[in-house]
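First the structure, in the form of structure tokens, and then the observations on it.
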Amino acid sequence: MTDGGTGGVSDVEHDDDLTAGEADREPGPSDSLRTWGAVQQALREHAGYSRAEFADLVRFSRHTVESVELGRRMPDESFVQRADEVLGNTGALRKGSKFVTRGRGDVGLAAWFRQWARLEREAVSLCTYECRLVPGLLQAEEYARAVFDNAIPPLSDEQLEDQVRARLERQRLLRERPNAAFSFIVEEFAFRRRIGGPRIMSGLIDHVLELTAPRNVTLQIMPLDTESHACLDGPLQLLETPKQQRLAYSEGQQNGRLISDPKEVSLLCQRYDTLRSQALSPKDSRGLLERLRGEL
């Protein structure tokens, strides 16, 4: 499952940065990203470590180290912390990382999904229903890695790392937007499917419980024994922009559709609202997750 999205032509009104065709272009690395990577590489070489040796020390793959040093990948917080500790613990890499920017920031996102991903960053509310897997915004790193490890055709190591990074970077929305409302409705089956094995699923449940603890994030589980279901047509996402425009998004195997037609969006909102009343309450959903974790 990619952080996938809109295939075909969107019917949403385009802002200047959402022009047709832009979603198909890969972002180039920013000057700051290349600079930070070059500095880290110089410090590594001065310390006498090969990329493979350094990768073992910071507990990332050699491909990740190479991508960071060449400015192709944004170093995440744990990478920066470990790199700084290994390379003298001066604080230079930590302080420098605060000024690193990616540019458009959508490496690792499916081309058809990028427009929706950019809308997510500014949304005042985001609602997600998922019946296949735990939603990308709630996935733990090991679970996401296991999901992408099942991709057909197989991803290269670098592609897999980019996909995982993009998925985890999207989760910053939940931590950095305390005034935005996030609602998730997920099928119980998604938590019962043991992607990656019991240990990874146990870690996933812990991660989901942590991410959905804040007041502005709610999780409801659709139980297996329900007799009524308002969203049998498949997963969907809804959001509201700062200009009070309501948009929807639906996804298939290798494509997706961004929907702005008011009548269609209104219908999908009705379905989602009905599904909320059919799903377990947030309190009961957390209780079910804790029981499922105990069964692993």
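Structure notes:
- Surrounding net charge for H63, when Lys and Arg each add one and Asp and Glu each subtract one, Cβ distance under 12 Å: -1
- Extended-chain gain in nm, criterion 0.36 nm per residue less alpha-carbon gap, R62 and E85: 6.5 nm
- Heavy-atom accessible surface of the range 117-234, averaged per residue, reaches 45 Å², computed with a 1.4 Å probe.
- Three-way shape call for the range 198-245 based on the alpha-carbon gyration tensor, with the a/c threshold at 1.5: oblate
- Cross-link partners for K263 among the lysines, with Cα-Cα distance under 22 Å and sequence neighbours closer than 8 places in the same chain left out: K243.
- Net charge contributed by nearby residues that have their C-beta within less than 10 Å of R177 (K/R +1, D/E -1): 0
- Prolate/oblate/rounded call for the range 130-177, Cα gyration tensor, a/c under 1.5 rounded: oblate
- Between the range 112-168 and the range 36-50, the C-alpha centres lie 31 angstrom from each other.
- Semi-axis lengths, largest first, of the ellipsoid equivalent to the range 159-296 are 25, 20, 16 Å, with √(5λ) applied to each eigenvalue of the Cα gyration tensor.
- Per residue convex hull volume, Cα atoms of the chain, in Å³: 140 Å³
- Pair H229, D31: separation of 7 Å Cα→Cβ label points (nm): 5.4 nm
- Label separation (D273 vs R193): 3.0 nm, computed from points 7 Å beyond Cα along the C-beta direction.
- The chain - percent of accessible surface contributed by carbon and sulfur, probe 1.4 Å: 49 percent
- Helix 198-211 vs. the chain, principal-axis angle (Cα, 0 to 90°, nearest 10): 80 degrees
- Once you divide the Cα radius of gyration of the range 222-293 by 2.2 N^0.38 Å, the number left is 1.30.
- Packing-based ranking, highest mean first, of 220-230, 132-142 given that Cβ atoms within 10 Å are counted: 132-142, 220-230
- Working note: 222 nm ellipticity from helices only, DSSP H runs with n ≥ 4, each -39,500 (n - 2.57), summed and divided by the residues of the chain, gives -13500 deg cm²/dmol to the nearest 500.
- Estimated translational D of the range 37-93 in µm²/s (Stokes, Kirkwood radius over Cα pairs; 4 °C; 1.567 mPa s): 119 µm²/s
The values are calculated or read from the model by the stated rules, or taken from the named source; none is laboratory data. Fair warning: this is a prediction, and the values are worked out from it, not measured in the lab. Reconstructed Cβ throughout: ideal geometry from the backbone, glycine too, with neighbour counts over all protein chains shown. These area figures cover heavy atoms from the full protein model, side chains too; ligands, DNA and RNA do not enter into them. Shrake-Rupley method; radii C 1.70, N 1.55, O 1.52, S 1.80 Å.
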